[in-house]
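Enquirer: Just dropping this structure here.
The values are calculated or read from the model by the stated rules, or taken from the named source; none is laboratory data. The shown structure was predicted, so the numbers you read here are calculated from the model rather than taken from an experiment. Glycine also receives a Cβ, built like all others from the backbone with ideal geometry; neighbour counts cover every protein chain displayed. We work out accessible area using only protein heavy atoms, side chains counted, and drop any ligands, DNA or RNA first. Shrake-Rupley method; radii C 1.70, N 1.55, O 1.52, S 1.80 Å.
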Amino acid sequence: MSPEPLALSMFGLLLLGLFMGHPLAFVLGGTAVLGAILAGKTMVLGIVINRVFGDVLDNYTLIAIPLFVLMARFLSDSGVTDRMFEALRLLLSRVRGGLALAVVFISILLAATTGIIGASITVMGVMALRPMLQYGYAPTLTTGVIAASGCLGILIPPSIMLILMASYSPLSVGELFAGSMIPGVLLGLAYALYVYVISVLRPDLAPSVEPDEKIGRGPLLRMLAFEAVPPLVLIFGILGSLLAGIATATEASAIGAALALVIVILRRRFTWATFYGAMLETGRTSAMILFIVLGATAFTGVFNITGGLRATQEIIRSLDMEPWMLLTMMMVIVFILGAFLDWTGIVLLSFPIFLPIVQEMEGVSLLWFVVLMAVVLQTSFLTPPFGYALFYLRSIAPKSVRTGHIIRGVLPFIAIIVLMCVLVALFPQLVTWLPSTLYG
C-alpha cells in the first residue's frame, strides 16, 4: 500500500477504535500493528520495539511525571487548600460572585503546585460545588468555573503536559515552563474577570453571600497569608530551582514531592494509609500516561517508517498557504481533536507532523507555537463528548445538577480560551519574554 492511502487507513482505524470505546493506548498500539500489516512491512514492528526502549524507557525526563503526580496527591492530603478556600470564601463573601472568584484564585494556586487536572477539579468540586449551589449560584456558572479553573494545571507550571511536550521536542522543560507562565496566569485572571462581570450584569447567577460567621478582615488576611506559605514554598522550591538552572526537571519534581511530604507531616495529616493511597494513585495515573506514550510511540513509529508521516507533511506543505493560515489550520485541527482525544494522544500524534513544518517557517518561534498549542489544549478537557473535566465533575455533582448544566457552563470559558489563543497569537512576547529574560 502506498503512503497516502496508508495514512488515511491508519487514521480511519484510529477513529473507529476510539468511537467503539476502546482505551486510547490499545487503539494506538493496535492501529500500529494493523498499519504494518497493511503496508506489508511487519518487520518494522521490531524497529518500533527498539524505539520504545530507546526513546521512552530511556527518557529520564519522563521520570518527572510520577513524581509530580505524587506531589499533587501529598498536597491534596495536607488539607492546605481547604483552609485557604475557607479564608477566601469569608474574605470575598460580600463581593458579587465572591465564591466563584475564590474558586478561580485557589485553582490558580493549585495549578502552580499540582499540574494534575483530576486532582484539582475533584478537590475544588468537593469544597465549592455544594456551598455555591446552596448559596443560590446558578448550576451553569458553578460547574463552568470549577471545571475550567481546574484545567489550568496543564498550562501553569509545573505541568506534566509541558514535561511530555518538552521530551518530544527540541525545547527544554525550563523554557516551556517559563513560556507558559504568563499565558497561564492571564487565562486564570480572564476567568476571574468574566466571573466578576457576569456577576454584576446577572446578579441572579451569582448572588452576594452574607458570611455565616463574623471574622474581621485582619484575622482573615493573616489566616490566608499563613495558609498560603506552604504552597508558595512548594512553588519556589520547584520553579525557583528549575528556572534558576539549579535543578533539572526530574530533580525539581523530586524536590517538590519531598517538600509536599514534609508539608503533610508538619500539618499532622500523615498516615500510612494515606501514604499507601498516594503511592497507589501515582502508580495508576503514571501507568495510564505511559501506556498511552508507548501506544503513540508505536503508532508514530510505524506511521513514519512506512512513509505515512512524510506523505502527510507533504500534503500540508502542498496547500501553499500563508504561514499564519497554516498555523491557524493546525490549531483548528488540535481543537477538533480535543473533542475526541486526550491531550497525551494529541501531543504525541501531532508533534511529529507539525513541528518539522513549523521549524521550516521563517520568523516563527517554536516555543511560541508549542505554548500556543498548550493553550488550545485547555479546550480538550472541556469540549464534549469526551471532555475529561465534564466526567470528573459529573462524578461528584449532586443529581440536581444535570449534564446539560455542566456543558452549558463550560461554553463561555471555551470562548475565553479561544480569545486567549488570539491574544497569544497577536502578541508572541507573552510567551517569549520570560524565557529570553531568564535564558537569553
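Enquirer: Let's test the formula: R0 of 35 Å, r as the Cβ-Cβ distance of F226 and V56. What FRET efficiency results, to the nearest 0.05? Spell out each step's value before the answer.
Expert: Values: r = 43 Å, r/R0 = 1.23.
That gives a FRET efficiency of 0.20.
Enquirer: Can you tell me the 0 to 90 degree angle between the C-alpha axis of helix 403-426 and the longest principal axis of the chain, rounded to 10?
Expert: Orientation of helix 403-426: about 70 degrees from the principal axis.
Enquirer: Kindly write out, for region 218-226 in residue order, the coupling ³J(HN,Hα) from the Karplus curve 6.51 cos²θ - 1.76 cosθ + 1.60 (θ = phi - 60°), rounded to whole Hz, with x marking Gly and Pro.
Expert: 3J(HN,Hα) across region 218-226, in whole Hz: x, x, 5, 5, 5, 5, 5, 4, 5.
Enquirer: A further question on this structure: Run the simple label-point estimate for V364 and T274 please: 7 Å along Cα→C-beta, distance reported in nm.
Expert: It works out to 4.8 nm between the two label points.
Enquirer: In whole percent, and with a 1.4 Å probe on the protein chains, what portion of the accessible area of region 347-394 is carbon and sulfur? Walk me through the intermediate numbers first.
Expert: Details: 900 of 1460 Å².
Carbon and sulfur together cover 62 percent of it.
Enquirer: Could you give each residue of region 43-50 its phi-based ³J(HN,Hα) in whole Hz, using Karplus coefficients 6.51, -1.76, 1.60 with θ = phi - 60°, and x for Gly or Pro?
Expert: 5, 5, 5, x, 5, 4, 4, 4
Enquirer: So how tilted is helix 24-39 from the main axis of the chain? Cα-based, degrees 0 to 90, rounded to 10.
Expert: With rounding to tens, the tilt is 10 degrees.
Enquirer: Could you give the dipole magnitude of the chain about its Cα centre, charging the beta-carbon of Lys and Arg +1 and that of Asp and Glu -1, in debye to the nearest 20?
Expert: Working: 22 positive and 20 negative charges, 264 e Å.
Roughly 1260 debye, rounded to the nearest 20.
Enquirer: Moving on to the next point. If one takes the longest principal axis of the Cα atoms in the chain, at what angle in degrees, from 0 to 90 and to the nearest 10, does the Cα axis of helix 80-91 lie?
Expert: Compared with the principal axis, the helix lies near 50 degrees.
Enquirer: Another question, then. Skip the ligands, DNA and RNA, and give the accessible area per residue of the chain with a 1.4 Å probe, whole Å². Could you put the intermediate results ahead of the total?
Expert: Working: 18510 Å² over 440 residues.
Accessible area per residue: 42 Å².
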